[in-house]
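Read through the structure below, which is laid out as structure tokens, and then see the notes.
Nothing in this text is a laboratory measurement; each read-out follows from the coordinates by a stated rule. Since the structure is predicted, the reported quantities are computational estimates derived from the model, not experimental observations. Here the Cβ positions follow ideal geometry from the backbone for every residue, glycine too, while neighbour counts run over all protein chains shown.
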Amino acid sequence: MTEQGSIEGGRARWARRFAAAQDAGRVRDADYTTLSGMTVDPVYGPAPGDVVQDFERIGWPGEFPFTRGLHATGYRGKPWTIRQFAGFGNATDTNRRYKMILAEGGHGLSVAFDMPTLMGRDSDDARSLGEVGHCGVAIDSAADMDVLFDGIDLGAVTTSMTISGPAVPVFCMYLVAAERQGVAAERLNGTLQTDIFKEYIAQKEWIFPPEPHLRLIGDLMEYCTRDMPDYKPLSVSGYHIREAGSTAAQELAYTLADGFGYVELGLSRGLDVNSFAPGLSFFFDAHIDFFEEIAKFRAARRIWARWMRDVYGATDPRAQWLRFHTQTAGVSLTAQQPDNNVTRTAVEALAAVLGGTNSLHTNALDEVLALPTERSAQIAMRTQQVIMNETGVINVADPLGGSWYVEALTDRMEAEAERIFTRVRDLAALAVPSGEHRIGELTSGILRGIEDGYFTGEIADAAFAYMNAVEKGDKKVVGVNTLTGGVGDDLKIMRIPAEVEQQQNAALGRRRSARDAGTVRTALDRLVAVARTGDNMVPSMLDAVRAEATLGEICDALRAEWGVYTEPARI
């Protein structure tokens, strides 16, 4: 087929898919004109007769390799989900914030947990002192999860939970809370982060050595594939990699490599890639370099689709789709002149939208200093709503597609990612010279890279180079190394009072006293017994949660069985 025939054939295929979506009622009835009243088309491409070299790499929305988006309709079919990340204090405090977010037009919830919860510790653990409720909500047992979602129908709201180390027991608490609401597990929709690779690479919130964590993730993938088809048990996270200081290309490559590792994990469990791969989602950072970020998102879809089809054998387009949530870059926010952060967040959010994000969180202007106040949280959400309702960017699918600059950046991002994948494969060859990988080649390379400090070293070098550029003034940051004069305007900072920790610990003590201690002990013993077999651990963990076993008790039982991970010292 000639290049011209390919272009016209693609345009015709897109038109058929768009018409089918219209006929099925999947295109919103809305105003698709500019502010001046000019009607705009759902998509734009080469004019009839134009010849574009390698146009199949760009293509049309809704068609492999999905560079221009997963759906022919773009946001005319469904706008992105406004999913504001929130959590602070105790479950009652956060429940009030969730109800505010939903009342103000939020579409879904995203749970931020405090540090003790992220590390699998109870609030009254000695190591939790001074940290309860400070960077997120404290969750000790299913009773806290009941309060967290009190008055919120878990069958009607999609819920994302950003937690990896103790993700599976927290997931079980979420399921039990839904049970107590009368919501069947198969009705639940949302995302659990669960991405342990990025913890070893960047965020450092692990509990066990890699092998037990992968065991739990594999069990969760099996459970959700079988019993919860709409739920996404894994959100592969590049956000924390970027926040640690990586470049955009490193974020892209390390995140996708981690994703391929989880695909290999599913395949090693005997799961059908066309069944479990649609349950994988991604979480990216939207940083301040506008066009670079757009190119990163477009390259991510293309690379994922190609690898899923050509390397892992996915034949169902849904198994080739890269669905992703985006959060604007926390690391780009500045304590100096914090009002400038509203502008930064708006630019970053617009990049995410033009890159085709499926859901979005916008950071608040004061998050560099503290948890957001209600006012700053509302401004952050209104930023998304202004973009969605006033700018017209949702009227056209991939409006920057075909831009010489954006397409060149997309190609460069893809090429750099492929170079990094080759390096990970080299690490796999060092780790397993025989080539007989227990889980898969990329998984072996990732584990060797973690052990050798490859990922952390590369990220540290990138972070150092950027900070040097800022300190020398080569990279400008308004209010920090340029335009530093300004009028003073003190921010109202949200602070978590010490009483929150005292009240949480008192409530936890009452719950321990009220439960059947023998039932809890039996359930925990059963969980450990299952851990020593090849059986799926989720059902026995659910039983422990139903008995009101605490997060710390569940994790401590498994710590005693599996040990804990300590990162090797490196210079």
- [ ] Under 17 Å Cα to Cα from residue 476, which lysines show up? Leave out anything in the same chain fewer than 8 places away.
- [x] none
Task: Cα-only radius of gyration and Dmax that characterise segment 245-302, units Å - done: 13.4, 41
Open item on the list: Given bins 5 angstrom wide, list per bin the percent of all Cα-Cα distances in segment 204-324, short to long.
Closed with: 2, 11, 21, 23, 19, 14, 8, 2, 0
Task: Sum of side-chain charges, residue 77 neighbourhood, beta-carbon under 10 Å (Lys, Arg +1; Asp, Glu -1) - done: +4
Task: About the Cα centre, charge dipole magnitude for segment 448-571 (Lys/Arg +1, Asp/Glu -1 at Cβ), debye - done: 320 debye
- [ ] Two decimals is fine: what is log10 I(q)/I(0) at q = 0.09, 0.13 Å⁻¹ for segment 418-556, from a Debye sum with one equal scatterer on every Cα and no solvent?
- [x] -0.72, -0.93
TODO: Quote the convex hull volume per residue of segment 255-410, based on C-alpha atoms, as a whole number of Å³.
DONE: 134 Å³
Task: Given charges at Cβ of Lys, Arg, Asp, Glu: the chain dipole, positive-most of 308, 569, 522 - done: 308
- [ ] Work out how much length residue 386 to residue 483 would gain on full extension: take 0.36 nm times their residue separation and subtract the Cα-Cα distance, in nm to one decimal.
- [x] 32.2 nm
Task: Longest to shortest principal axis, alpha-carbon extents of segment 340-447, angstrom - done: 58, 39, 22
Task: FRET efficiency for residue 310 and residue 493, using Cβ-Cβ distance with R0 set to 56 Å, rounded to 0.05 - done: 0.65
- [ ] Please state the charge dipole magnitude for segment 128-268, taken about the Cα centre, from unit charges on C-beta atoms (+1 on K and R, -1 on D and E), reported in debye and rounded to the nearest 20.
- [x] 220 debye
Task: Computed over segment 435-476, the ratio Rg/Rh where both radii use C-alpha atoms and Rh is Kirkwood - done: 1.31
- [ ] Work the Kirkwood hydrodynamic radius out for segment 1-155: mean of 1/r over every pair of different alpha-carbon atoms, inverted, in Å.
- [x] 19.7 Å
Task: Mean-position separation - Cα centroids, segment 34-86 and segment 349-423, in angstrom - done: 15 Å
TODO: Kindly give the semi-axes, whole Å and largest first, of the ellipsoid equivalent to segment 382-445, taking each as the square root of 5 times a Cα gyration tensor eigenvalue.
DONE: 41, 16, 8
TODO: Report the calculated FRET efficiency for residue 211 and residue 181 (r = Cβ-Cβ distance, R0 = 35 Å), to the nearest 0.05.
DONE: 0.50
Task: Sequence-distant residues sharing a close amide H with residue 337 (under 5 Å, placed H) - done: none
TODO: Stick to the Cα atoms of segment 91-233, pair each with every other, and give me the Kirkwood hydrodynamic radius in Å at one decimal.
DONE: 15.5 Å
Task: Cα lying deepest toward the dipole's positive end in the chain, options 92, 240, 481, charges on Cβ - done: 92
Task: Inter-label distance for residue 451 and residue 129, nm, one decimal - labels placed 7 Å from Cα along Cα-to-Cβ - done: 3.8 nm
- [ ] Report, by chain and number, residues whose modeled amide H sits under 5 Å from the one on residue 286, excluding near sequence neighbours (fewer than 5 apart, same chain).
- [x] 327, 328, 329
- [ ] When you have a sec, figure out the Kirkwood radius of segment 526-571 from all distinct Cα pair distances and drop it here in Å to one decimal?
- [x] 11.9 Å
- [ ] Find which of 260, 32, 101 sits farthest along the positive direction of the dipole of the chain, computed with +1 on the beta-carbon of Lys and Arg, -1 on that of Asp and Glu, about the Cα centre.
- [x] 32
- [ ] Work out the P(r) tail for segment 322-397: percent of alpha carbon pairs separated by more than 13 Å, whole number.
- [x] 63 percent
Open item on the list: Using the Karplus curve 6.51 cos²θ - 1.76 cosθ + 1.60 with θ = phi - 60°, what ³J(HN,Hα) values do you get for each residue of segment 353-363, in whole Hz, with x for Gly and Pro?
Closed with: 5, 5, x, x, 4, 8, 8, 8, 10, 9, 6
- [ ] For segment 264-280, just list the computed ³J(HN,Hα) in residue order, Karplus coefficients 6.51, -1.76 and 1.60, θ = phi - 60°, integers in Hz, with x standing in for Gly and Pro.
- [x] 4, 4, x, 5, 5, 8, x, 7, 7, 4, 6, 8, 8, 4, x, x, 8
- [ ] For the chain, give the magnitude of the charge dipole about the Cα centre (Cβ charges: +1 Lys/Arg, -1 Asp/Glu; no others), in debye to the nearest 20.
- [x] 680 debye
Task: J(HN,Hα) series, segment 41-51, from Karplus relation 6.51 cos²θ - 1.76 cosθ + 1.60, nearest Hz, glycine and proline x - done: 7, x, 7, 10, x, x, 5, x, x, 5, 10
Open item on the list: As a test of understanding, state the convex hull volume per residue of the chain from its alpha carbons, in Å³.
Closed with: 166 Å³
Task: Distance (nanometres) between label positions extended 7 Å along Cα→Cβ at residue 8 and residue 373 - done: 6.2 nm
TODO: Under 17 Å from a label point 7 Å along Cα→Cβ of residue 268: give me every residue in segment 301-330 with its amide N that close.
DONE: 312
- [ ] Quick one: compute the contact order of the chain, relative version, from alpha carbon pairs under 8 angstrom and 6+ residues apart, as a percent.
- [x] 18 percent
TODO: Could you let me know the centre-to-centre spacing of segment 132-167 and segment 431-510, using Cα atoms, in angstrom?
DONE: 23 Å
